[in-house]
4 protein chains.
Amino acid sequence: MRIGFIGLGHMGAGMAGNLLAAGHEVLVFNRSPGKADHLVAQGAVRAATIREACQADAVFSMVADDQAATSLVEGAEGILATLPAGATHISSSTISVDLSRRLADRHRTLGQTYLASPVFGRPEAAAAAKLFVVCAGDADVFEKAKPLLDAIGQHTFYVGRTPETANAIKLGGNFLICSVMEALGESMALVSKLGVPPDTFLEILTSSLFDAPIYHTYGGLIARREFRPARFAARLGTKDIRLLLEAAGEARVPMPLASLIHDRQLRILATEGDDIDWSALGGLAFQDAGIADPRA
Amino acid sequence: MRIGFIGLGHMGAGMAGNLLAAGHEVLVFNRSPGKADHLVAQGAVRAATIREACQADAVFSMVADDQAATSLVEGAEGILATLPAGATHISSSTISVDLSRRLADRHRTLGQTYLASPVFGRPEAAAAAKLFVVCAGDADVFEKAKPLLDAIGQHTFYVGRTPETANAIKLGGNFLICSVMEALGESMALVSKLGVPPDTFLEILTSSLFDAPIYHTYGGLIARREFRPARFAARLGTKDIRLLLEAAGEARVPMPLASLIHDRQLRILATEGDDIDWSALGGLAFQDAGIADPRA
Amino acid sequence: MRIGFIGLGHMGAGMAGNLLAAGHEVLVFNRSPGKADHLVAQGAVRAATIREACQADAVFSMVADDQAATSLVEGAEGILATLPAGATHISSSTISVDLSRRLADRHRTLGQTYLASPVFGRPEAAAAAKLFVVCAGDADVFEKAKPLLDAIGQHTFYVGRTPETANAIKLGGNFLICSVMEALGESMALVSKLGVPPDTFLEILTSSLFDAPIYHTYGGLIARREFRPARFAARLGTKDIRLLLEAAGEARVPMPLASLIHDRQLRILATEGDDIDWSALGGLAFQDAGIADPRA
Amino acid sequence: MRIGFIGLGHMGAGMAGNLLAAGHEVLVFNRSPGKADHLVAQGAVRAATIREACQADAVFSMVADDQAATSLVEGAEGILATLPAGATHISSSTISVDLSRRLADRHRTLGQTYLASPVFGRPEAAAAAKLFVVCAGDADVFEKAKPLLDAIGQHTFYVGRTPETANAIKLGGNFLICSVMEALGESMALVSKLGVPPDTFLEILTSSLFDAPIYHTYGGLIARREFRPARFAARLGTKDIRLLLEAAGEARVPMPLASLIHDRQLRILATEGDDIDWSALGGLAFQDAGIADPRA
């Protein structure tokens, strides 16, 4: 298939590379064009504009937030105006439920099709085609796109015909990660103040009831309070919980734990700045308990 | 070794059975004596009193809470008064950090030894010798007791010489379980109200980043809102978080997520009564979102 | 002065009436025109359109939320397009900090002036010219408008040249009211369950340290759990805290108590519907404690 | 009447002085005896022991916490052992609901009578006989003691025959004060970050809906972030909320706002130490928003 790919950051570059590796023709576009060089060297076609990238059966978009996603779709040279009727926009960005719903409506009006298809996984997983892909939209559109999604991840979950539900699931998943970080932070601060090294506590957890990647990865960062450099920026993690709470507010679903997390994330941004990993959430409990930072 | 075992509830019965199976002589005692019958039939010796159960190299205690644990140790016929000098009290009950610290002091004063050795796992795990055992106390005392601990669990973690830290770890672990239940409840309520069945969401989680027993077990109960009959009573789960918060308060460790959980647990006790599983915590978010109970 | 007044609900009708009583010529407009009849009978001029109401030295707007406020200002027949250069838009609606900021910019661009001038007080206070008026905007514009603001309230506070700060103060004030309701609800539920009638507790509070109107008014409603009919709808109170949290999020100011309140407000909307007073916030603690409603 | 008074700290000294001024014979006792000198100079009788202070119709106790209160009543020379049958113990300390309940039982068993009679007000109010006194216990015992209570305060509230309810009311009142401090802190941090000086915001509040002493007093301290020296130590304020939460836990009354406050109080103790006023609670929101301390 002929595929456009817009947004070649840490995640998008890996995803586009795997589409290429799967034998598709891939038209790559990025606002700062240098990001495309590596992919072009591997056989991708450089698109000079969004319009060029949209001359395809399907176009992926993978950018950081609602604002960036909106800037891709709007205007005379945006995705909405230039994607051919019948072609599919596969939006993999972690965007709001509300924006995804509006995009779905507008593509439908224009005779285009739309899949919300956010992914779980860090850049390394994107590079290794090990993402978990969650997809929602019309079933027949999904069926046609499935080989593409399978090419970028280790498993694709189809969750029904309402696109924005896939975005809600993505936001819900990130919330679950944050809740793990908060719970680990609080409990590690307690046992630490009582004399148990955090990594001893973590080893017990991960070799018993909590043997999941999330606990290993984030537990280690929090036990060592190793929050720089940022791998997933606190600013983006905060944005995700904000989007979750907006969706929850609109749907009238109280989420007190999500609110607790969001307030602590705001505190990190206000006191530590943007240049810190989102796992810094798990470090606040140590601060609040007056435990000195071993790395300070 | 000659072992006393006091407290033959759902957990203790399995643990005592496994000590017996490992070839030890086991003196069993329970306040309501019928609970011992099954074990006696398997070769355990019935102890008519705590004093009788304490005529051993080591005595395990496994009861529900601080009050029950205190009633075992105090008085002229209690463990403290009747355990021989040099013998070891292995306390596996989930008790407070404070009580454990005081027990350690008193045993030391009396020339007895003490290990705090709480366990992770449900009754089925206790029966199958699949518990995770966390132990703290003097290293040489632990070394002698290790075969006993290995006989009741799949793994024994030694966490140092300060007994009450093992209790803090146990309470911390239960807190982590509760935080998973709360996070699952909130996120399932949201996706559910947006049209995604909770078990679809759960399947995505457990086949990707959250593939740990805790998510499978509790996620299923919460997705189905299946909280009765109680397997681990809300009353006991609430008690554990209360003990955690007491330890945190004394150590001056703010734990806002633990506080959030505790308040929601109190609400369950006040509105649903004691006869409900602690996983009902994960059902509150559905209630608060006005989602009807599928089982009502 | 010649004054337009747009939005003749419970609050606006009283405010417009007091401007009339103060001797001003008042052009009144409301989407549903019947609301103007009473004022016209008192001497107001009926404006058939927003444009007509804007043929004035200043135009007040007083509507329920951002959406309504936006609908007044936008379009070829809206306030922005039809207000004469040099005339002043006095926005008394409780709107978002962000919308107020944007309105200020756009009026400035069009050569019009803008004052954010939200008010504190219930409809009875509006009718009696007993409102507290908070105003921000250019100092000379404020000076000219001051007689108008004094005509609708018992006191006018000028808080500086940045209009949206007045909106933040209004939202902050409503948050303080909500925090009183939550604190009263929780403490009344506790003393009530211990046997002290809530109104006895309230009398002690209001005759000692908490002798402020807010405690008298809301304390009484909560003690009696008298939440219907709504005097200020839960929906609007929830909107205000949402706007506060949005401003806080943008400014990176964690407000955990505001978040707690917002989640409880969402719960009221989800479980009780919109037709309830915002003071129902103070009733949740009774529910959560399993205390039967005396009015049920 | 002949009155014993035990506990001559900042509060007790003023209270004892007013009993003396009202014409009573007052036997004064304090652990560190120098505190009695001033009162003895005014005509009080120095009691060398608790036993001596208890040779009276009624004995007041006014100490800092449960531990101190317990040390006064226990032992062969304590209040329980030495107060004559028929005499009354008037406990004005801010102690736990549970301890008050147990004291009531024990005094009853010994043929003594007991009134729980905590007070609202700072040391200056104690000195000026301007306290608000809350009293519970048998009605006839209260009637006899009423002149004493009236002598120390500006108003006495009798709340029924169950002593510990008076303690719950006292704790509830302190919780309401804390909730005001938290709400002021959060909202001041927000408006401050948007450019409004906190004292401008406070002036609007206190001259409109929030014209109560609490808002004036604590609002000023928080606006100036003036938390040292401590007038009421954070340690004591934290203890009060802990006691409130213990009573709430036992009664199964969820109090999420009280929990939020308690966690923030623990944070103050852990990071600022004990030597700070409890109003420092209102300073945390500024810290979390990254607003520099004007006094630093």
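Taken together, the values in this text are just the output of simple stated rules run on the coordinates, not laboratory data. Every value quoted in this text rests on a predicted model; they were computed, and no experiment measured them. No Cβ is skipped: glycine too gets one built from the backbone with ideal geometry, and neighbour counts run over all protein chains shown.
Taking the stretch B:178-198 only, how many residues are at the interface with chain A (Cβ under 7 Å from one of its Cβ atoms) and part of a helix (DSSP H, G or I)?
Count: 9.
May I ask you to verify whether A:Val141 is within 8 Å of chain B (Cβ to nearest Cβ) and either over 30 Å from D:Ala270 (Cα atoms) or surrounded by 23 or more Cβ atoms within 10 Å (Cβ to Cβ) (or both)?
In short, no.
With (1) within 28 Å of D:Glu74 (Cβ to Cβ); (2) within 14 Å of chain C (Cβ to nearest Cβ); (3) surrounded by 18 or more Cβ atoms within 10 Å (Cβ to Cβ) as the list, and D:Gly160 as the residue in question, which single condition is left unmet?
Condition (3) is where D:Gly160 drops out.
Is there a residue in the stretch B:204-221 that is among the hydrophobic types (A, V, I, L, M, F, W, C), under 28 Å from B:Ala270 (Cα atoms) and within 26 Å of the chain's Cα centre (by Cα)?
Yes.
Is it the case that the stretch A:240-248 has a residue that's without any contact (Cβ under 8 Å) to a residue 24 or more places away in the chain and surrounded by 23 or more Cβ atoms within 10 Å (Cβ to Cβ)?
The answer is yes; a qualifying residue exists.
Restricting attention to the stretch A:253-279, and to residues there that are under 19 Å from D:Leu284 (Cβ atoms) and hydrophobic (A, V, I, L, M, F, W, C), which single residue is farthest from the chain's Cα centre (by Cα)?
A:Ala270
Taking helices (runs of 4 or more DSSP H) that fall entirely within the stretch C:1-107, which contain at least 2 residues that are touching a residue at least 40 places away in the same chain (Cβ under 8 Å)?
C:10-21, C:50-53, C:66-73
Of the residues that sit in the stretch A:264-273 and are surrounded by fewer than 24 Cβ atoms within 10 Å (Cβ to Cβ) and either in a helix (DSSP H, G or I) or touching a residue at least 24 places away in the same chain (Cβ under 8 Å) (or both), which one is farthest from the other protein chains (Cβ to nearest Cβ)?
A:Glu272
Within the stretch C:199-216, can one find any residue that is among the charged types (D, E, K, R), free of Cβ contacts under 8 Å to residues at least 60 places away in the same chain and surrounded by 19 or more Cβ atoms within 10 Å (Cβ to Cβ)?
no
Could you check the stretch D:276-296 and list, in sequence order, the residues that are more than 14 Å from chain A (Cβ to nearest Cβ) and of a type in the set (Asp, Glu)?
Result: D:Asp277, single match.
Would you pick out the residues in the stretch B:206-254 that are of a type in the set (S, T, N, Q) and either more than 12 Å from chain A (Cβ to nearest Cβ) or in a helix (DSSP H, G or I) (or both)?
Correct list: B:Thr206, B:Thr217, B:Thr238.
Pick from B:Ala64, B:Ala41: which is small (Gly, Ala, Ser) and within 17 Å of B:Ala126 (Cβ to Cβ)?
After ruling out the rest, the residue left standing is B:Ala64.
Given the conditions (1) touching a Phe, Trp or Tyr at 6+ places or on another chain (Cβ under 6 Å); (2) free of Cβ contacts under 8 Å to residues at least 24 places away in the same chain, and given that C:Ala258 satisfies all but one, which numbered condition is not satisfied?
Just one mismatch for C:Ala258, condition (2).
Could you say whether any residue in the stretch B:133-145 is among the aromatic types (Phe, Trp, Tyr), assigned to a helix (DSSP H, G or I), in contact with a Leu (Cβ under 8 Å, 6 or more places away or on another chain) and on the phi < 0 side of the Ramachandran plot?
The answer is yes, given that some residue of the stretch B:133-145 is among the aromatic types (Phe, Trp, Tyr), assigned to a helix (DSSP H, G or I), in contact with a Leu (Cβ under 8 Å, 6 or more places away or on another chain) and on the phi < 0 side of the Ramachandran plot.
Just the residues that are within 15 Å of A:Leu72 (Cβ to Cβ) and over 20 Å from the mean Cα position of the chain (by Cα), please, taken from the stretch A:8-32.
Residues satisfying the conditions are A:Leu27, A:Ser32.
With respect to D:Thr162, determine if the residue is in contact with a Lys or Arg (Cβ under 7 Å, 6 or more places away or on another chain), among the hydroxyl-bearing types (Ser, Thr, Tyr) and under 24 Å from D:Leu103 (Cβ atoms).
Against the criterion (in contact with a Lys or Arg (Cβ under 7 Å, 6 or more places away or on another chain), among the hydroxyl-bearing types (Ser, Thr, Tyr) and under 24 Å from D:Leu103 (Cβ atoms)), D:Thr162 does not qualify.
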